[in-house]
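The values are calculated or read from the model by the stated rules, or taken from the named source; none is laboratory data. Keep in mind it's a predicted model, so treat the numbers as computed, not measured. Counting neighbours? That spans all protein chains shown, and the Cβs are built from the backbone with ideal geometry, glycine included.
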Amino acid sequence: MKIKVKDIPASGTEFSESISASSLDVDRDYWMLARDVDVDIYGERIADYVSLKIRLFSKKKIVCCRCLEEIEVPYELSFDWQDKVRDELQEIDVDELVRQEILLNIAVRELCSDTCQGICPECGGNRNKGECNCAKD
């Protein structure tokens, strides 16, 4: 979605769109968008600046770095963007702003829960699913 700067009044306005997850190209080995991203935008002009408040809603699939289980969880992100209005700023590429912000906010390590027990170093069993039967020394 591209928003024309001239379509953003000083009094503010709202925009909404849905961006295809595949078009954003943000997937990683351990992190991916599970569905398209719904985007709500509030834009306004303040003096010589254009300002956007952007909220994203989707679902993400992650691989837990402790137990290696893949889970799907809600994904929500909010950020602000602003720039000075100038002749070369005719329109704003919201898809690219969203893509960049998602990439900046992908965690290096994801957990399925704060209490994840991980995998047993002996047998490789998932400790979240119960005690393993390997020898404990």
Test: residue in the stretch 66-83 that is farther than 24 Å from Trp31 by Cβ and in contact with a strand residue (DSSP E or B) (Cβ under 8 Å, 6 or more places away or on another chain): yes
Residues satisfying the stated conditions in the stretch 19-59, i.e. among the polar types (S, T, N, Q) and at pLDDT below 95: Ser20, Ser22, Ser23, Ser51
Residues that are in a helix (DSSP H, G or I) and within 16 Å of the chain's Cα centre (by Cα), drawn from the stretch 3-28: Ala21, Ser22, Ser23, Leu24
Residues of the stretch 94-123 classified as surrounded by 12 or more Cβ atoms within 10 Å (Cβ to Cβ), in contact (Cβ under 8 Å) with a residue 24 or more places away in the chain and among the charged types (D, E, K, R), total: 4
From the options Glu91, Glu72, residue that is modelled with pLDDT under 90 and in contact with a Lys or Arg (Cβ under 6 Å, 6 or more places away or on another chain): Glu91
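Restricting the search to the stretch 74-112, which residues are in contact with a helix residue (DSSP H, G or I) (Cβ under 8 Å, 6 or more places away or on another chain) and either small (Gly, Ala, Ser) or not in a helix (DSSP H, G or I) (or both)?
Quick first cut of the stretch 74-112, residues in contact with a helix residue (DSSP H, G or I) (Cβ under 8 Å, 6 or more places away or on another chain) only: 77, 79, 81, 85, 89-92, 95, 98-99, 102, 112.
Leu77, Phe79, Trp81, Val85, Leu89, Gln90, Glu91, Ile92, Cys112 - these are the residues of the stretch 74-112 that are in contact with a helix residue (DSSP H, G or I) (Cβ under 8 Å, 6 or more places away or on another chain) and either small (Gly, Ala, Ser) or not in a helix (DSSP H, G or I) (or both).
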Selection from the stretch 29-47 of residues that are basic (Lys, Arg) and either over 17 Å from Asp80 (Cα atoms) or under 15 Å from the mean Cα position of the chain (by Cα) (or both): Arg35
The stretch 98-134 - residue that is more than 21 Å from Pro74 (Cβ to Cβ) and hydrophobic (A, V, I, L, M, F, W, C) and, of those, farthest from the chain's Cα centre (by Cα): Cys134
First in the stretch 74-86 and farther than 23 Å from Ala47 by Cβ, second anywhere and of a type in the set (Phe, Trp, Tyr), Cβ under 9 Å, 6 or more apart: Pro74/Phe57; Tyr75/Phe57; Glu76/Phe57; Leu77/Phe57
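Yes/no matrix, rows are residues, columns are (1) surrounded by 15 or more Cβ atoms within 10 Å (Cβ to Cβ); (2) within 11 Å of Val98 (Cβ to Cβ); (3) aromatic (Phe, Trp, Tyr):
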position: Lys6; (1), (2), (3): no, no, no
position: Ala10; (1), (2), (3): no, no, no
position: Ser16; (1), (2), (3): no, no, no
position: Asp29; (1), (2), (3): no, no, no
position: Arg35; (1), (2), (3): yes, no, no
position: Ile41; (1), (2), (3): yes, yes, no
position: Ile46; (1), (2), (3): no, no, no
position: Ser51; (1), (2), (3): yes, no, no
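Does Ile71 fit the bill of being hydrophobic (A, V, I, L, M, F, W, C) and in a loop (DSSP other than H, G, I, E, B)?
Values: hydrophobic (A, V, I, L, M, F, W, C): yes; in a loop (DSSP other than H, G, I, E, B): no.
Judged against the criteria, Ile71 is not a match.
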